[in-house]
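Everything below concerns the one structure shown next.
Every number here is computed from the coordinates shown, using simple stated rules; none is lab data. Every value quoted in this text rests on a predicted model; they were computed, and no experiment measured them. In this analysis, Cβ positions are derived from the backbone assuming ideal geometry, glycine residues included, and neighbour counts consider all displayed protein chains.
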Amino acid sequence: MKPARFEYHAPETLAQCLALLAEHGDESAVLAGGQSLLPLMRFRLAQPAHLISLRGLGGPLERIERRGGSLYIGARVTYTAVQRSAEVREGCPGLPRSIELIATPAVRTRGTVCGNLCQADPASELPAVALLLEARMHLHSAEGTRVVAAADFFQGPYMTARRGNELLVAVEFPVRPATERFAIREITRLRGGFPMSGVAVALTPGAGSALESVAVACFGVHSQQLRLHAVEQVLRQRGRTPAALQAAGEALDAAIHPHSDPFASEAYRRSATRTLLERVLAEACAQPSNPP
Amino acid sequence: MNNCTPAGALWTASDAAQRDEEPDLGQTDPFVYNADGVALLTGKGAYIADLRLPGMLDAAFARSPIARGRIRAIDRAAALAAEGVHFVATGADIRDAVARTLPRASMVLHASEHAPEQFNLPSYHLLPPDALHYEGEALAVVVAADRYLAEDAVEMLEIDCEEQVPVLDPEASLSPGCEQLFEDVPGNMALEGRFGSKDEAGSLFDSAHLVLERRYRMNRSGNPPLEALGVVAQYENRRLTVWSTIQRPQILRIALADILGIPASRVRVIAPQNIGGGFGWKSPMYRETAVIAWLAMKLGRPVRWIEDRTEALKKGVHERDQIWDMKAAFDADGKLLGLQSEVIADVGSVLVDMYGLLPARMSATLPFPYDIPWMRTHLRCAITNKAPMGVNRPAGRMPAVWAIERLMDDAAQRLNLSPAQIRMRNFVQKFPYTSPLGAVLSDSDYLGTMRKLLDVFQFEDRRGQARQLRAQGKRIGVGLAACVEVCRPLCSFGGALFYNQPQYAAVTLRMYPDGSVSIMSGDAPQGQMRHTTMAKITARELGCDLEAIEVYTGDTLLSPVTNSNTDVTSVCAIAARRLRRKVIGVAAHLLKVEPVNEHFDCRRGQLTYTPDGRTLSFREIAWSAIMRPFLLPDGATPDLQETAYLEAPYAPTSFAAHAAMVEVDEAIGKIRILSYGFVGDCGKVLNPKGLATAITAGIATGISNTTHEAYIYDENGQLVTSNLKDYAMLTAGEMPLELIIDHHDTPTAATVYGHKRTITEGVPAGVAPAIANAIIDAFGGAVDLTEIPLFPGALWALGRKAAQSAEAPQ
Amino acid sequence: MAETTARRTIPISMLVNGCRHHLAVDPRHTLADLLRDQLGLTGLHLGCEQGVCGACTVHIDGEPVVSCLTLAVEAQDVAIRTVEDLAQDGALSALQQAFLAHGAFQCGYCTPGFLMVGQHLLDQGLATDRDAVREGLSGNICRCTGYEPIIDAILSVAQQEPRA
């Protein structure tokens, strides 16, 4: 399980990095934390000819910055750094809460949020959270920069809008309103393993069972993470009544196409995801306010 | 009566001397010995991958990508030309060089011609020259400067195979008309055995109050350790030295000598001082080991192979994987009158040695703790295109215990008895007891052990609580299980007739002129604190200074022939007591007194003649005996050493009662174990701390085998669970919220201290049915749970089925 | 066999257990292999090489990482600490002593990883209760102890020592 050979590059400036990406493009892989990439390379499922390491790049790439109404998480920022950031815990608490579910403590020391998003594993939590919280991806290349909304960034299993010559320099998460609640639940076979089903929700409760605003996303139950607009519509219009939850569950069922594998059948995933939907809604509504 | 003790007493009455003072094996400083203790904490353990020899090369194996087929051609040109590559070998090369086929090449690998059962072991070569039998089977090897380069070259091998449809279902494999997978295994049946009552059942089933016909299945799973295999081989001056993570070094030595055609006197096998867990998985002589040894001989340089996790999971050995079709007759009071079991074991393909048949055979002959007047078991081992089966702790027991303990609960439910009642009604009460399968149960108190469990776990109270909680809509239940553990399975039940391997324990103690002592054991411990145990026992029984003891394990050059999993504790005690008598003999002569044992006190390297208080140090005694034998009587030999062999007079059996309280989240199919209780019969507790740890680990393994670990093949025979994310192992957060561990001991007369050594081995077997019975109770008996491992999807489906049926939870 | 060509190696400098090392590393070699093979620090062990079992855990700049998923070349200018560094001046650390006292290991293969993760929990004051410790150990697998003695050992130290 040793990785294959590659040409290693450690650019010292962003410009150098982008030049390397321009030159080697699809034959290269970007190495941030490596916690997704290294296992693939060890199984020799990925054999990039060039590895472009971000370790020499400082500045905004290794920072979390609050600017305007958003949090910018640089390409090199680790899961642990996000978990510990007071700014993120205050401005976007769903993110550290979701990160808690990822892998193991040691993997979180090195793995990065941007790396996770670029990996776009259909079972991962963060792409769902990015969809939910309407994150924006800041992509740089030698030719210029562009910003891609999360909804347009994830294009399929392990597929994103990032072109071979681009680097995801930062992901931008709009700061959440103080009234918003967030909940995420998943089912894994082992703690930190890839989820067999997962649902995340961000909502602002209204009076009684009404919901002022609600966003729902799922992961692990479709060829990619999904923002569940039909579910949201039902809940926004009808609140959290039993009948509305039933309709929401049906809308969820219609939206997803889970696979069957030796660990879980399609029927199980469908049913379990509906259960998780009800539970995250209940959990979010029961929260008093954004915890610090 | 034990029918496998060879001529000559291995056990004498004088060995079982008085047991006044307990040997301190754990109350204070449990980890005396560095190989067991401080070295492991400070990163100074000596495992196989830590061994460095000058000029050592690394090997990597190319493995079959298909479950069944034939090799058409292997083009090695590119691989040979790759950087750092020294050698490439295929099955064709090895078949020419090592013409012997296995397992017949070595009698230690092959079942005995005296075996009463019908068996056919498939023949194979060290690397397949032609037919491929399972995905992951090694088919070529590259030797290079390091593992990275070796793996690069493996990828460059051009392997052309012709693929065939694999046979993956054991019942299909055994059915007439199925393609035969090996020339010498007709009907794909590697073993057929019929065990049990000679007389017919007569009207037993016809007239019974209740006849239950049930199928219980435990799928492919196991107990692979954290450290995979490793081999380093060196050939110099006609001598072959092989370092190997093998649990049975002496057996491996004989096998290698036979296979490679060199005298055993020139083969030395050394198990590293530290092995990262074995659990039986490191018992077989894997083909790769012999290939590496052959390469070292061929290349004249040391060659190493360190197995990675994917290889370990694919190559095997796998275990469990048995189908039990039981037909049981009960009377109205729940007495089990008769049991007929049809067992099919899926033993995979190229069995590395006859150990591949051991789990199934043990399963079929395992005594249950119940007095069953009539019992027959028909066992068939089916060959399929999967990795070979082999012993994984608790070898062979899990599927059998799964079946019987589920059966007892199923019967209890139908007869409206509690799970405790039905077991108590059926437990063997008079010992020794000979089961219809031939096994002898001895020195036990099943009723007492179970009563203690029911008491410490507050079983009936919890059962009531669970019922009340269920009425409030919670899914909580409790369950029980009981299981016998046999301590010398290979010897018992005519097993010695089947295996061409010695079953005795053996150890050599040698005292040096300065009074220090070395203990040389053929055992290769993998974390059982054996070094500490042997050192402390010897210090206590011999009376030498603990600090002056050195323990050598796993080196065939130093130790007498022995097998693994033997009663090292007892044989050490016996050897130490005999050596003590020799020491006393010399001292008595020097002091000019009679050598009366009771007149001498030995401790910490000092001998005292108690009648008059004169003392001699062990140093003085040893120096006289070895260096100045003229001080001794004529004919005395100038040595102070003792080799003891031990075959227990009969196979001790131990027992454990298990209880679980489980909460089920049926909507997502996950469980939480709220509380787990275990009361075991340890015979005699020698090392309380080590015992508690080992029992906890056994419970963890049991849970892991119930809900996490499974070897799953897809329809093409590809192993889906070929990495540690998919072959999931239990983590710290999934242990029961509460553990209640206690003991109720009945000492056995078959060991020196009365200890029942393998109480810890059998623990996982009771865990699966205890948890399953609790899950069923959580549904008020409405689910039909007969198959494990139980993933969330499967548990959810069971719950759905129960909800859809008419029954409501109690 | 082809001649061993001079492979491109990258010079790096790192601090390991307080000693500075200047090394030329093959970029595809993992930190685990570097520490074990080049520096002889064989305390860390390889159990899965995919970051699941935690037996290869070391500290980089005071934080636990799985060295099997870290390229050696990425460890430029960091401070690495391995299990060999826990005992100081021949004296076992409090955690190591607690492992002895609680029977928290058997075969020892996973032990260095648990010690590094456990030490980190203690250093950060995270070993507050049993559940917190279980959570902290979620990335370490043991086959020989059932985890409970390890949790006992870590908690016993947390309860002895004042918070760092």
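Which FRET efficiency value, to the nearest 0.05, do you get for B:SER265 and B:HIS114 by plugging their Cβ-Cβ distance into 1/(1 + (r/R0)^6) with R0 = 30 Å?
My answer for the efficiency is 0.65.
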Exercise. Stretch A:GLU266-A:ARG63 to full length: gain in nm at 0.36 nm per residue minus the Cα-Cα span?
Worked result: 69.0 nm
For this session: Would you be so kind as to identify which of C:GLY51, C:LEU23, C:PRO64 lies farthest towards the positive end of the dipole of segment C:10-84, taking Lys and Arg as +1 and Asp and Glu as -1 on Cβ and the Cα centre as origin?
Result: C:LEU23
Exercise. Could you work out Rg/(2.2 N^0.38 Å) for segment B:110-164, with Rg from alpha carbons only?
Worked result: 1.67
Seminar exercise, completed: Per the rule of 0.36 nm per residue minus the C-alpha distance, extending A:GLU250 to A:ALA22 adds in nm 77.5 nm
For this session: Return the Cα extents of chain A along principal axes one, two and three, sorted largest first, each rounded to a whole Å.
Result: 58, 46, 33
For this session: With a length cut of 30 Å (Cα positions projected on each helix's long axis) and a Kyte-Doolittle mean of at least -0.5, go through chain B and give me the DSSP H helices that pass.
Result: B:568-591
Exercise. For segment C:1-137, what log10 I(q)/I(0) values come out of the Debye formula at q = 0.09, 0.19 1/Å, with one point per alpha carbon and no solvent?
Worked result: -0.29, -1.12
Exercise. To the nearest 10 degrees, how steeply does helix A:242-255 sit against the main Cα axis of chain A, on a 0 to 90 scale?
Worked result: 30
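With each run of n ≥ 4 DSSP H residues scored as -39500 (n - 2.57), what mean residue ellipticity at 222 nm is computed for chain B after dividing by its residue count and rounding to the nearest 500 deg cm²/dmol?
-8500 deg cm²/dmol
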For this session: Calculate, for B:GLN421 and C:ASP129, the FRET efficiency according to 1/(1 + (r/R0)^6) with r their C-beta to C-beta distance and R0 35 Å; round to the nearest 0.05.
Result: 0.35
For this session: Would you calculate the separation in nanometres between label points at C:ASP89 and B:GLU158, each defined as 7 Å from the Cα along the Cα-to-beta-carbon direction?
Result: 6.6
Exercise. Dipole size in debye (nearest 20) for chain C around its Cα centre, Lys and Arg Cβ +1, Asp and Glu Cβ -1?
Worked result: 220
Exercise. Farthest toward the dipole's positive end in the protein assembly as shown, which of B:PRO747, B:TRP402, B:GLY733, given Cβ charges of +1 (Lys, Arg) and -1 (Asp, Glu) about the Cα centre?
Worked result: B:PRO747
Exercise. With +1 on each Lys and Arg Cβ and -1 on each Asp and Glu Cβ, how big is the dipole of segment C:10-84 about its Cα centre, in debye rounded to the nearest 20?
Worked result: 100
For this session: Answer with one residue from C:LEU115, C:GLY136, C:LEU155: the one whose Cα lies farthest towards the positive end of the charge dipole of segment C:94-160, charges on Cβ with Lys, Arg +1 and Asp, Glu -1.
Result: C:LEU115
Exercise. Which whole-percent values make up P(r) of segment B:547-630 when all C-alpha to C-alpha distances are grouped in 10 Å steps starting at zero?
Worked result: 14, 42, 28, 15, 1
Seminar exercise, completed: With bins of 10 Å, the percent of all Cα-Cα pairs of segment B:152-256 per bin from 0 is 8, 16, 23, 30, 12, 7, 3, 0
For this session: Please report, largest first and rounded to whole Å, the three semi-axes of the ellipsoid equivalent to segment B:352-491, where each semi-axis is the square root of five times an eigenvalue of the C-alpha gyration tensor.
Result: 31, 20, 14
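How big is D for segment A:181-286, in µm² s⁻¹ as a whole number, if Stokes-Einstein is applied with the Kirkwood radius of its Cα pairs at 20 °C and 1.002 mPa s?
Numbers: Rh = 13.6 Å.
Diffusion coefficient, whole number: 157 µm²/s.
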Problem set entry | B:LEU558, B:LEU631, B:LEU357 arranged by Cβ crowding within 10 Å, fewest neighbours leading | B:LEU631, B:LEU558, B:LEU357
Exercise. How do A:GLU87, A:GLU166, B:GLU715 rank when sorted from fewest to most other Cβ atoms within 10 Å of their own Cβ?
Worked result: B:GLU715, A:GLU87, A:GLU166
For this session: Let me know the shape class of chain B, please: from the alpha-carbon gyration tensor, a ≥ b ≥ c as square roots of the eigenvalues, rounded when a/c is under 1.5, otherwise prolate if a/b is greater than b/c, or oblate.
Result: oblate
Seminar exercise, completed: Under the rule rounded for a/c under 1.5, else prolate if a/b exceeds b/c, else oblate, using alpha carbon gyration tensor axes a ≥ b ≥ c, segment B:663-787 is classed as prolate
For this session: Add +1 for every Lys or Arg and -1 for every Asp or Glu among the other residues with Cβ under 9 Å from the Cβ of B:GLU787, and state the total.
Result: +2
Problem set entry | Shielding by partners, peptide C:68-81 (average Cβ within 10 angstrom, other chains) | 4
For this session: Filter the DSSP H helices in chain C by two things, a Kyte-Doolittle mean of at least 0.0 and an axial alpha-carbon span of 15 angstrom or more, and list the hits by number.
Result: C:111-123, C:148-160
Seminar exercise, completed: For chain A, the longest principal axis of the Cα atoms and the Cα long axis of helix A:266-286 enclose an angle in degrees, to the nearest 10, of 80
Exercise. What is the diffusion coefficient of segment A:59-174 in µm²/s, taking the Kirkwood radius over Cα pairs and the Stokes-Einstein relation at 37 °C with a viscosity of 0.692 mPa s?
Worked result: 235
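B:LYS335: net charge of surrounding residues, Cβ under 11 Å, Lys/Arg +1, Asp/Glu -1, itself excluded?
Neighbourhood net charge equals -2.
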For this session: Rounded, prolate or oblate: pick one for segment B:332-393, where a ≥ b ≥ c are the square roots of the eigenvalues of its C-alpha gyration tensor, a/c under 1.5 means rounded, and failing that, prolate if a/b is larger than b/c, else oblate.
Result: prolate
Exercise. If you average 1/r over all unlike Cα pairs in segment C:94-160 and invert the result, what Kirkwood radius do you get in angstrom?
Worked result: 11.4
Seminar exercise, completed: Note: B:ASP96 to B:ARG672 extended length (0.36 nm per residue) minus current alpha-carbon separation gives 201.7 nm
Exercise. Where nothing but the Cβ of Lys and Arg (+1) and of Asp and Glu (-1) is charged, how large is the charge dipole of the protein assembly as shown around its Cα centre, in debye to the nearest 20?
Worked result: 700
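Tell me the net charge near B:GLU135. Cut-off is 14 Å between Cβ atoms, B:GLU135 excluded, with +1 for each Lys or Arg and -1 for each Asp or Glu.
Here the count lands on +1.
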For this session: Over the protein assembly as shown, consider all pairs of different Cα atoms and compute the Kirkwood hydrodynamic radius from their mean reciprocal separation; express it in Å, one decimal.
Result: 32.4
For this session: Write down the Å³ per residue value for the convex hull defined by the alpha carbon atoms of segment A:7-53.
Result: 63
Seminar exercise, completed: Shape descriptor, segment C:10-84: equivalent ellipsoid semi-axes (Cα gyration tensor, sqrt 5λ, whole Å, largest first) stand at 17, 13, 11
Problem set entry | C-alpha long axis of helix A:229-238 to longest principal axis of chain A, angle in ° | 30
Exercise. Fewest first, what order do C:TYR109, B:TYR499, B:TYR370 take by the number of other Cβ atoms within 10 Å?
Worked result: B:TYR370, B:TYR499, C:TYR109
Exercise. Taking the simple approach of a point 7 Å from Cα along Cα-to-Cβ for both B:TRP623 and B:GLN472, what is their distance in nm?
Worked result: 7.8
Exercise. Gap in Å between the Cα centre of segment B:438-485 and the Cα centre of segment C:75-146?
Worked result: 36
Exercise. Applying 1/(1 + (r/R0)^6) with R0 = 30 Å to the Cβ-Cβ distance of A:GLN237 and A:VAL175, what FRET efficiency is obtained, to the nearest 0.05?
Worked result: 0.65
Exercise. For segment C:94-160, what is the relative contact order in percent, using Cα pairs closer than 8 Å and at least 6 residues apart in sequence?
Worked result: 51
Problem set entry | Approximate spin-label separation A:ALA46-B:ARG581, in nm, with each point projected 7 Å along Cα-to-Cβ | 6.9
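Using the C-alpha atoms of segment B:313-426, what convex hull volume per residue, in cubic angstrom, is computed?
98
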